[in-house]
Amino acid sequence: RQAAARKAGEEGRGTLKSQHGRYTIESLHFATSHARTGCLYQASCLTVDGKLSMTFHPAAPLVPAETNAAFADAFVDLLEAVAEPVTAEEENSLPSIPKGSLTAVAAIGVVVANLIHAPAWADFLSNVATMKENVPPEDFWPALNFWIFFAVGHPILQPILWISDVLHGTPGPMVADLVPALFLAGNAAVIYAFAASKELQRAANVAALGAFLAYVGAGLDGTAGLGDYNLALNDQYEGRVVKGCPAYEDVRQPSMDNFDLEKYQGKWYEQKFHDWTQFKEVYDTTLDIRLTPDGKGWTDDFAVKGPAPKSAVLSWDKSPVANGAHYFLFGRVDDKDPTGVLRESGFGVEFPNYIVDVKKDAKTGEYTEAIQFQCLERGGVRVFEGINFMSRAPVMTEAEMAEMHGRAEKAGMYPYGANPGQMHQVERRDAALGEVDNSWQRMWRAIGFDKLLELLTESIEDGGR
């Protein structure tokens, strides 16, 4: 309501004045119409001379008077509890921590950690400005939101994995064969410390924000892992900025002559990727590609397990998706595109999925290996590139992998992330070991988490049809 006091082009009208000549406004109450909101209980609030003036107006007589009175009393009690002043002792009941000291230390650490990535942030913002200038909002915002979604997702996952390893690495007796008693005690101590000290809370918030920004900054300058977190827009290769996406003809290999999309269907094992929509912490990734009956669309049953044994040594087998989860990707086959180009949709954007190269079985002619390349460009700026090395066999030898890199290099894909140093190799667990089964997996099944995953998978699959 204070904004109603402002007038365009005038200064100093942001706050209502309580003194008008010899008249002083001590309190002011007003009501608003229920017809505009359809709300049974409304409260109109205005600050007068530093004090809150509030009018509570229920939808009488639709609601009985006694019900209105009870709600109003409860509402006032809630406001009084929230507005109760905090004493100095309550502000920081850990007197050994000087006020502002931890926050200052955290802030200094945040500044130092993020200054390292300042050039990368500057390049990113410059490219974002170029995108915004060159494309309409309906193209700009979906692409930027696509980037933001995964830029945020990766750093959020890291503390979850760390806490999980701490949980399952804590020694001592177990509670219900699930959680160490010492871990619960440690959590109680940490919660008490944070509840007792506002200073500790503020410092932790500053440090968490700084760590998040530093992690994203590391993704922008390529120090957080080029395989799964290379966030730079129009990034560099060998000191040269590589702008935009190549045309299919620029990367397509002769092996794609007479390509048969029908034969491309089926299960593929992902061996390596350069792709920030994926996470290095997963393992046993597979893609099951199927065409729709009319041949105009396709689905990709993207299956993952996680976290990988090497990513979370102590906790990987306790994960609710240790035995796998599925996510469906959808696309279309456009008659205007060259054979070997699929259109992929997801997260509000559509981009081409180039099948760059395939290797055939000398006897059967079936496809045994494939290289895929996805690229999203907006306004001359490459927002995303994804590269997948896939095979029909779960495991490839080092020689076979080196040969695939050679084919990718010949296709001109190294500047886009296909060299060995820019790709992440997917971890594989021996299938002969069978499914993971322990007290945590039994607990997930008992609460129906496996059924929830199945329902979610079916919902995603049905929604994409």
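The values are calculated or read from the model by the stated rules, or taken from the named source; none is laboratory data. These figures come from a predicted structure and were not determined experimentally. Please note: Cβ atoms are built from the backbone with ideal geometry, for glycine as well, and neighbour counts cover all protein chains shown. Please note that ligands, DNA and RNA were not included when accessible areas were found on the heavy atoms of the full protein model with its side chains. Shrake-Rupley method; radii C 1.70, N 1.55, O 1.52, S 1.80 Å.
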Problem set entry | Charge context of F124, other residues only, Cβ under 11 angstrom, K/R +1, D/E -1 | -3
Exercise. At what distance in angstrom do the alpha carbon centres of segment 119-168 and segment 258-291 lie from each other?
Worked result: 24
For this session: For the chain, just give the cysteines left without a disulfide-compatible partner, judged by no other Cys Cβ under 4.7 Å.
Result: C39, C45
For this session: State to the nearest 20 debye the size of the charge dipole of segment 365-433 about its Cα centre, where the only charges are +1 on K and R beta carbons and -1 on D and E beta carbons.
Result: 240
Exercise. Is any residue of segment 148-171 close enough, with backbone N under 14 Å, to a label point placed 7 angstrom from the Cα of A181 along the Cα-Cβ axis, and if so, which?
Worked result: 171
For this session: For L433 and N205, calculate 0.36 nm times their separation in residues minus their Cα-Cα distance, and state this gained length in nm to one decimal.
Result: 77.8 nm
Seminar exercise, completed: Calculated from DSSP helices alone, with each H run of at least 4 adding -39500 (n - 2.57) and the total divided by the residues of the chain, [θ]222 nm to the nearest 500 comes to -12000 deg cm²/dmol
For this session: On a 0 to 90° scale, report how tilted helix 181-196 is relative to the longest principal axis of the chain, with both axes built from alpha carbons and the result rounded to the nearest 10.
Result: 40
Problem set entry | Nearest-ten-degree value, helix 65-83 long axis tilted from longest Cα axis of the chain | 80
For this session: Determine ³J(HN,Hα), in whole Hz, for all residues of segment 314-324 in sequence, where each value follows from phi through the Karplus function 6.51 cos²θ - 1.76 cosθ + 1.60 and θ = phi - 60°; x replaces Gly and Pro.
Result: 8, 10, 4, 7, 9, 5, x, 10, 5, 9, x
Problem set entry | Shape call, segment 295-371: gyration tensor on alpha carbons, a/c limit 1.5 | oblate
Exercise. What residue among T67, G386, T292 has its Cα farthest toward the positive end of the dipole of the chain, where the charges are +1 on Lys, Arg and -1 on Asp, Glu, each on the Cβ?
Worked result: T67
Exercise. Given the Cα-Cα distance of A81 and A189 and 0.36 nm per residue of separation, how much length would full extension add, in nm?
Worked result: 36.3 nm
For this session: Please give the per residue accessible area of the chain, computed with a probe of 1.4 Å over protein heavy atoms only, in Å².
Result: 55
Problem set entry | On Cα atoms only, tilt of 137-169 relative to the major axis of the chain in degrees | 90
Exercise. Of all accessible surface on the chain at a 1.4 Å probe, what whole percent is carbon and sulfur?
Worked result: 60
For this session: Counting only C-alpha contacts under 8 Å and six or more residues apart, can you give the relative contact order of the chain as a whole percent?
Result: 14
For this session: State the label only: which of (1) 98, 64, 53; (2) 70, 45, 42; (3) 84, 58, 39 corresponds to Cα extents along the principal axes in Å computed from the shown model?
Result: (1)
Seminar exercise, completed: A chain fully extended from Q42 to A393 at 0.36 nm per residue, minus the present Cα-Cα distance, gains in nm 120.0 nm
For this session: Would you work out if segment 230-294 is rounded, prolate or oblate? Take a ≥ b ≥ c from the square roots of the eigenvalues of the alpha-carbon gyration tensor; rounded if a/c is under 1.5, else prolate when a/b is larger than b/c, oblate otherwise.
Result: oblate
Exercise. Which of the residue pairs K198/K318; K310/K410; K263/K310; K263/K359; K132/K243 have a Cα-Cα distance greater than 24 Å in the structure shown?
Worked result: K198/K318; K310/K410; K263/K310
